[in-house]
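Just below is one structure, and these are the notes that go with it.
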Ligand SMILES: N[C@@H](CCC(=O)N[C@@H](CS)C(=O)NCC(=O)O)C(=O)O
């Protein structure tokens, strides 16, 4: 029996299956990266909903594991050395799960670093820039009269889409024939930009045919379709 009681997060979100990896998340573009990864790998896990409407991410129990008050976070009862491992930051979690399962990352050193490079491109570029564009186009920032902040993020998002489009030309996925954690990190954000953020026209998404082609292949994967709705919203 795995004892996770030393982790305060389990007081607010008790583990029904303490032998399984515990996921604390919400189906947002960062959250679904991890649920999609878990669905793709087949690793047994137990999802817990962290609701923003009740500010769960600010609770002391959540902050004890994820001090940056952001989802997703995990608690693996069977971490390195057989000891529990707690992790936050979606990029770190994807990398950890790829190493743990030996899946969705090339095993050769050069391919591994190239995949990490594109993972970092998403973490440092696509995620933050698309997120700002969402704020200025769909949320509170849309009411600002001065459109220069919005336009700055539109231009930067277009530039990033251009880089991604160039990379995908002649490739099935970001790493060629291999579907990897770089795709799992990137395409939930592209989907969100066009869908939830309603910014497809603004960034002229039609100018990036490789990106839209791969997005279609991504959302057609059964594990992606499942992961996009995990944890189920109440
Ligand atoms: N760099 C972090 C970003 C995570 C992030 O921004 N999560 C958002 C949801 S997509 C969040 O938890 N927001 C809650 C808040 O800011 O209070 C990661 O990739 O894990």
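The values are calculated or read from the model by the stated rules, or taken from the named source; none is laboratory data. Please read these numbers as outputs of a predicted model, since none were measured by experiment. Because the Cβ atoms are built from the backbone with ideal geometry, glycine has one as well, and the counts that use them run over all protein chains shown.
Determine the pairs where a residue that is over 17 Å from residue 90 (Cα atoms), located within the range 54-68, has a partner that is within 10 Å of the ligand (Cβ to nearest atom) and not in a helix (DSSP H, G or I) with Cβ atoms under 8 Å apart, the partner being 6 or more residues away or on another chain. From the range 54-68, the pairs are 56/50; 58/69. When you look at residue 159, is it assigned to a helix (DSSP H, G or I), surrounded by 14 or more Cβ atoms within 10 Å (Cβ to Cβ) and at pLDDT 95 or above, yes or no? It is false that residue 159 is assigned to a helix (DSSP H, G or I), surrounded by 14 or more Cβ atoms within 10 Å (Cβ to Cβ) and at pLDDT 95 or above.
Please verify whether the range 105-114 includes one or more residues that are outside any helix (DSSP H, G or I), away from the ligand (no atom under 16 Å from the Cβ) and in contact with a helix residue (DSSP H, G or I) (Cβ under 9 Å, 6 or more places away or on another chain). Yes, there is a match, as at least one residue in the range 105-114 is outside any helix (DSSP H, G or I), away from the ligand (no atom under 16 Å from the Cβ) and in contact with a helix residue (DSSP H, G or I) (Cβ under 9 Å, 6 or more places away or on another chain). Take the conditions in a loop (DSSP other than H, G, I, E, B), more than 30 Å from residue 8 (Cβ to Cβ) and out of contact with any helix residue (DSSP H, G or I) (no Cβ under 7 Å at 6 or more places or on another chain) and apply them to residue 146. Does it pass? Yes: the conditions hold for residue 146.
How about the range 7-35: which of its residues are more than 13 Å from the ligand (Cβ to nearest atom) and either in contact with a strand residue (DSSP E or B) (Cβ under 8 Å, 6 or more places away or on another chain) or in contact (Cβ under 8 Å) with a residue 60 or more places away in the chain (or both)? Answer for the range 7-35, where residues must be more than 13 Å from the ligand (Cβ to nearest atom) and either in contact with a strand residue (DSSP E or B) (Cβ under 8 Å, 6 or more places away or on another chain) or in contact (Cβ under 8 Å) with a residue 60 or more places away in the chain (or both): 7, 9, 10, 13, 15, 16, 17, 20, 21, 22. The set of residues in the range 77-95 being within 16 Å of the ligand (Cβ to nearest atom) and either buried (at least 18 other Cβ atoms within 10 Å of the Cβ) or modelled with pLDDT under 95 (or both) consists of 87, 88, 90, 91, 93, 94, 95. Only residues that are without any contact (Cβ under 8 Å) to a residue 24 or more places away in the chain and not in a loop (DSSP other than H, G, I, E, B) were counted across the range 190-206, and they come to 2.
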